[in-house]
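Participant: I have a structure here, written as structure tokens, and I will follow up with some questions on it.
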């Protein structure tokens, strides 16, 4: 799963990123597929990448299981020299850097913030898998969607007073995949939350979390007064 690097604070990682070549990939272009050999890890500089799995049925479209946002690293299968667990497709016009797994591991050994982010990412993946297997006892669609939006706000949001503006535009289908829901259901929920003022939309159709506290409540958390 993607995790955030903190190269300005981690000197060895900062040198690695500064010296790496930056490439650009257009929206919808495949970077690699599930099962491909893993010989590099990747850092998103602008835009975002979708990590995908094939559809559950023959002929079904791929499913987005995670997104890698700016300054997030993905493709950590390369740390063990294995094969790709997921495919990677550009979710927007995206700038990225291919990094040496060995050099990144060496940098992480002395990079507490980035190493903590990596370990936290592994915990979040286990949490997601547990909830995916939770069946009827797990959170409902509204709770899962609220959690997805809050997570994106933490990872790639720009605070504006009490609001948080997402830096990237994610389609309803991508949000539905991340929440494990049907697109039509997610569209209905988003429209309801836009109408209620919990969310807002920018002129270029990026979401703004206008009332994050209400989203925490929708996600099933109790907010202390």
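Bear in mind these aren't lab numbers, they're just calculated from the coordinates by the rules spelled out. The structure displayed is predicted, hence computed values, not measured ones. Don't worry about glycine lacking a Cβ; one is built from the backbone with ideal geometry, like all the others, and counts go over all protein chains shown.
Participant: In percent, what relative contact order does the stretch 3-112 have, based on Cα pairs under 8 Å that are 6 or more apart in sequence?
Facilitator: For the stretch 3-112, the relative contact order is 42 percent.
Participant: Please compute the alpha carbon radius of gyration of the stretch 135-218, then divide it by the globular-protein estimate 2.2 N^0.38 Å. Two decimals is fine.
Facilitator: Cα Rg divided by the expected 2.2 N^0.38 Å: 1.01.
Participant: Distance in nm between label sites at residue 26 and residue 85, each 7 Å beyond Cα in the beta-carbon direction?
Facilitator: 3.2
Participant: Be a star and scan the stretch 188-225 for residues whose amide nitrogen sits under 19 Å from the point 7 Å along the Cα-to-Cβ vector of residue 158.
Facilitator: Within reach of a label on residue 158: 199-212.
Participant: Quick one: go through the stretch 149-167 and flag any residue whose amide nitrogen is under 15 Å from the point 7 Å out along the Cα-to-Cβ line of residue 201.
Facilitator: 166
Participant: If each residue's Cβ is checked for other Cβ atoms within 10 Å, how do 80, 22 rank with the fewest at the top?
Facilitator: 80, 22
Participant: Going by how many other Cβ atoms sit within 10 Å of their own, how do 32, 195, 42 line up, fewest first?
Facilitator: The most exposed by this proxy come first: 195, 32, 42.
Participant: Output the peptides 142-151, 95-104, 67-76 sorted from most to least packed, where packing is the average of other Cβ atoms within 10 Å over each peptide's residues.
Facilitator: Highest to lowest by the protection proxy: 67-76, 142-151, 95-104.
Participant: Additional query: Please provide three numbers in whole Å: the alpha-carbon extents of the stretch 3-112 along the principal axes, with the largest listed first.
Facilitator: Principal extents (largest minus smallest coordinate, Cα): 47, 28, 21 Å.
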